[in-house]
Amino acid sequence: MNTLIRIALMGLIMLAGTAQAADPLIISGGNDRAVPIAVVPFGWQGGNVLPEDMSTIIGNDLRNSGSFEPIPRQNMISLPTQASEVIYRDWKALGAQYLVVGNIQPAAGRLQIQFAVFNVTTEQQVMTGSVGGSLDQLRDMAHYASDQVFEKLTGIKGAFSTRLLYVTAERLATSNTRYTLQRSDYDGARAVTLLQSREPILSPRYSPDGRRIAYVSFEQKRPRIFIQHIDTGRREQITNFEGLNGAPAFSPDGNRLAFVLSKDGNPEIYVMDLGSRNLQRLTNHYGIDTEPFWGADGQTIYFTSDRAGKPQIYKQRLGSNNAERVTFVGNYNANPKLSADEKTLVMIHRQDGYTNFKVAAQDLQRGNLRLLSDSTLDESPTVAPNGTMLIYATRQQGRGVLMLASINGRVRLPLPTAQGEVREPSWSPYLN
């Protein structure tokens, strides 16, 4: 959440709201058991030891989705590891429902990976796949294999080859702070620096094609929105209005940018056509309106507002003056994100009578609310493009960290990231 907006909204939490709804079903964790799957060590025909284990990466990917539970590596010792050696009886005894095997071969200075998936229950092969690349693309190839396996077994497109943006804040010996905009694999691996500044960087967001990012920078000692091209590093300043310039969000077609301005004295949501730079005002209310998020139709924007006396989530169509309230449960709901099918709304939520801020997912059809985090001060949720996972910022042992959770509530784990305070995650779209 943008720091200035967060401060404004936090000051409004104590205001009494009047709108209420019937108590929903609130679920604090996952239910059903994940599908047990064995991802055995891939055979390697080369001489030197590979820098990373592909089967470990694939197993972690499938676990992170919340749909699968990999069989522990130590339980698979002495069992068959090649497709031609599969003995279903042994894998059934181990409890595996599916089995992933693979082989890595050197080929003209590159690597060629073959992999296959077996249904242990029906004793049938369900898929084969292959992928090639250089040694430094080993993680890319592993994520690709994970995507293929996940889609074959669930019918949902995999999101393990996507990327993550986040901001780190590191205190220097000079008592200054260095802010860094980082991009990494979705799981925090292979982080690279896109921008460094001695002034805060906030609210990074990917464009739909994944080639640009929008963010807020204080490098001019006041907040301004920039767009940066990832491949070239070229930047352009998008806003230079008086007051607040924050919370940018690309439209689904990438041609427009929604953001928050206070140039008229009150934080409101505006939409800019990036080609013509024409500006359209969406909201017009004495309350604070912030944190826009586009619906898939490119005409609906979800946002946070305190217009009912406390922060709640609303939606409004472009060209309309009517905002429809979406959340009613709890005394604080903010920072809306939608799943890919737009059936689930992810947000920062605080229950009535509590002081903790948690990540929650609301079923927009049934109204059920699921708590997805167990920490106390969560913020900035971002959802995978296939809607199966999310990442959010929280605190552990006094430090800002990123947590990955599955939407079904089965998985929750910290991501390995750089030193310093880590915040403001943003998940990329699917990348070509």
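Just one of the numbered conditions (1) assigned to a loop (DSSP other than H, G, I, E, B); (2) under 25 Å from GLN137 (Cβ atoms); (3) at pLDDT 95 or above is not true of LEU165; which one?
(1)
Look at GLN316 and say whether it is in the same structural domain as GLY246 (by TED's automatic domain parsing), assigned to a strand (DSSP E or B), surrounded by fewer than 21 Cβ atoms within 10 Å (Cβ to Cβ) and out of contact with any helix residue (DSSP H, G or I) (no Cβ under 7 Å at 6 or more places or on another chain).
no
Which of (1) more than 14 Å from ASP187 (Cβ to Cβ); (2) touching a helix residue (DSSP H, G or I) at 6+ places or on another chain (Cβ under 7 Å); (3) hydrophobic (A, V, I, L, M, F, W, C) is the odd one out, the single condition PHE160 does not satisfy?
Here PHE160 meets the rest and fails (1).
With the requirement that a residue be without any contact (Cβ under 8 Å) to a residue 40 or more places away in the chain, under 20 Å from ALA405 (Cβ atoms) and of a type in the set (Ser, Thr, Tyr), what does the stretch 318-370 give you?
Answer for the stretch 318-370, where residues must be without any contact (Cβ under 8 Å) to a residue 40 or more places away in the chain, under 20 Å from ALA405 (Cβ atoms) and of a type in the set (Ser, Thr, Tyr): THR327, TYR354.
Quick check on VAL271: is it within 20 Å of LEU338 (Cβ to Cβ), assigned by TED's automatic domain parsing to the domain that holds ARG205, touching a Lys or Arg at 6+ places or on another chain (Cβ under 6 Å) and of a type in the set (Val, Ile, Thr)?
Yes; evaluated as a whole, the condition is true for this residue.
Identify all residues within the stretch 376-409 that are outside any strand (DSSP E or B) and within 25 Å of TYR206 (Cβ to Cβ); write none if there are none.
Kept after step one, since they are outside any strand (DSSP E or B), are these residues of the stretch 376-409: 376, 378, 384-388, 397-398, 407-409.
Listed by number, the residues that qualify are ASP378, ALA384, PRO385, ASN386, GLY387, THR388, ILE407, ASN408.
Yes or no: ARG33 of a type in the set (Lys, Arg), closer than 29 Å to LEU138 by Cα and either part of a strand (DSSP E or B) or modelled with pLDDT of 80 or more (or both)?
On the way: of a type in the set (Lys, Arg): yes; closer than 29 Å to LEU138 by Cα: no; either part of a strand (DSSP E or B) or modelled with pLDDT of 80 or more (or both): yes.
The answer is no for ARG33.
With the checklist (1) of a type in the set (Gly, Ala, Ser); (2) in contact (Cβ under 8 Å) with a residue 12 or more places away in the chain; (3) surrounded by fewer than 16 Cβ atoms within 10 Å (Cβ to Cβ) in hand, flag the one item ALA214 doesn't pass.
Among (1) of a type in the set (Gly, Ala, Ser); (2) in contact (Cβ under 8 Å) with a residue 12 or more places away in the chain; (3) surrounded by fewer than 16 Cβ atoms within 10 Å (Cβ to Cβ), the lone unmet condition for ALA214 is (3).
Please enumerate the residues belonging to the stretch 159-199 that are farther than 14 Å from GLN419 by Cα, more than 19 Å from the chain's Cα centre (by Cα) and surrounded by 18 or more Cβ atoms within 10 Å (Cβ to Cβ).
LEU195
Per-residue answers, yes or no, for (1) assigned to a loop (DSSP other than H, G, I, E, B); (2) farther than 29 Å from LEU372 by Cβ:
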| site | (1), (2) |
| --- | --- |
| LEU50 | yes, yes |
| GLY59 | no, no |
| ARG63 | no, no |
| GLY66 | yes, no |
| GLU69 | no, no |
| LYS92 | no, yes |
| PRO106 | no, yes |
| GLN114 | no, yes |
| PHE118 | no, yes |
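Condition (residue is modelled with pLDDT under 95 and within 16 Å of ASP306 (Cβ to Cβ)) applied to the stretch 267-285: is it met by at least one residue?
From the stretch 267-285, those modelled with pLDDT under 95 are 284-285; that's our starting set.
If we keep only those that are within 16 Å of ASP306 (Cβ to Cβ) too, we end up with 284-285.
So far as the stretch 267-285 goes, yes, one or more of its residues are modelled with pLDDT under 95 and within 16 Å of ASP306 (Cβ to Cβ).
Under the condition of being of a type in the set (Asp, Glu) and in contact with a strand residue (DSSP E or B) (Cβ under 8 Å, 6 or more places away or on another chain), which residue from the stretch 219-239 is surrounded by the fewest Cβ atoms within 10 Å (Cβ to Cβ)? Steps first, answer last, please.
We begin by selecting, within the stretch 219-239, every residue of a type in the set (Asp, Glu); these are 219, 231, 236.
From what is left, the residues that are in contact with a strand residue (DSSP E or B) (Cβ under 8 Å, 6 or more places away or on another chain) are 219, 236.
Details: GLU219: 16, GLU236: 11.
Out of the qualifying residues, it is GLU236.
Give the residue, chosen from ASP352, ASP341, that is acidic (Asp, Glu) and either closer than 22 Å to GLN312 by Cβ or crowded, with 20+ Cβ neighbours inside 10 Å (or both).
On the way: ASP341 fails: either closer than 22 Å to GLN312 by Cβ or crowded, with 20+ Cβ neighbours inside 10 Å (or both).
Checking each option against the conditions leaves just ASP352.
Pick out the one residue from ARG205, ARG110 that is of a type outside the set (Asp, Glu) and surrounded by fewer than 17 Cβ atoms within 10 Å (Cβ to Cβ). Outline the logic, then answer.
Details: ARG205 fails: surrounded by fewer than 17 Cβ atoms within 10 Å (Cβ to Cβ).
Only one candidate passes the filter, namely ARG110.
Could you tell me which residue of the stretch 410-428 is modelled with the highest pLDDT, considering only residues that are part of a loop (DSSP other than H, G, I, E, B) and crowded, with 19+ Cβ neighbours inside 10 Å? Show your work before the answer.
Step one: filter the stretch 410-428 for residues part of a loop (DSSP other than H, G, I, E, B), giving 410-411, 415-420, 428.
Still in the running and crowded, with 19+ Cβ neighbours inside 10 Å: 410-411, 415, 417, 428.
Working: ARG410: 92, VAL411: 92, LEU415: 93, THR417: 73, SER428: 96.
Per the stated criteria, the residue is SER428.
The values are calculated or read from the model by the stated rules, or taken from the named source; none is laboratory data. The structure presented is a predicted model; accordingly, all values stated were derived computationally and were not measured. FYI the Cβ positions are ideal-geometry reconstructions off the backbone, even for glycines, and counts take in every protein chain you see.
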